Amino acid sequence: QVQLVESGGGLVQPGGSLRLSCVASGSITSINVMGWYRQAPGQERELVAIMSRGGSTDYGDFVKDRFTISRNNNGVEHTVYLQMNNLKPEDTAVYYCEATGVTSGMLFYGGEYWGKGTLVTVSS
């Protein structure tokens, strides 16, 4: 079983920055893709950023160079970060960490794991 725990959310003023972190724990050898999604009230969950084990990235169209995803894949820690700059009120949402394609020893699970989310509120 894999658990994802996010941290780093909070209240920030427009134009400010936050850094989200997500730690994956459990019996993990490797994770193919880790990333972030968000869901605002009354909206569908949408892609923020994802990163493959090889370093390839994909960002939501709204990011526009404001956010940067990074990962720590040292074999012991499996952590993904999201640096968010120039935050806007429309970035207010619950941000969820996601992991896809987890290898545990000789076993591979191609499905998704989700964290419980961390709330980001951008307001003056």
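What the table shows:
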{"quantity": "Subset tally (residues that are part of a loop (DSSP other than H, G, I, E, B) and either in contact with a helix residue (DSSP H, G or I) (Cβ under 8 Å, 6 or more places away or on another chain) or under 16 Å from A24 (Cβ atoms) (or both)) for region 66-110", "calculated": "5"}
{"quantity": "Unique match (being surrounded by fewer than 15 Cβ atoms within 10 Å (Cβ to Cβ), over 19 Å from T121 (Cα atoms) and over 10 Å from the mean Cα position of the chain (by Cα)) among S27, S52, S17", "calculated": "S27"}
{"quantity": "Residue pairs meeting the criteria (Cβ under 9 Å; at least 6 apart or on separate chains; first β-branched (V, I, T), in region 43-55; second assigned to a loop (DSSP other than H, G, I, E, B) and at pLDDT below 95)", "calculated": "V48/F62; V48/V63"}
{"quantity": "Qualifying positions in region 59-99 - β-branched (V, I, T), modelled with pLDDT of 95 or more and open to solvent by less than 50 Å² (accessible area, probe 1.4 Å)", "calculated": "I69, T79, V80, T92, V94"}
{"quantity": "Sole exception among (1) part of a strand (DSSP E or B); (2) in contact (Cβ under 8 Å) with a residue 60 or more places away in the chain for I28, by number", "calculated": "(1)"}
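The values are calculated or read from the model by the stated rules, or taken from the named source; none is laboratory data. Everything numeric here is computed off the predicted structure, so don't read it as measured data. Cβ: placed from backbone, ideal geometry, glycine included. Neighbour counts: every protein chain shown. Accessible surface areas use protein heavy atoms only, side chains included; no ligands, DNA or RNA. Shrake-Rupley method; radii C 1.70, N 1.55, O 1.52, S 1.80 Å.
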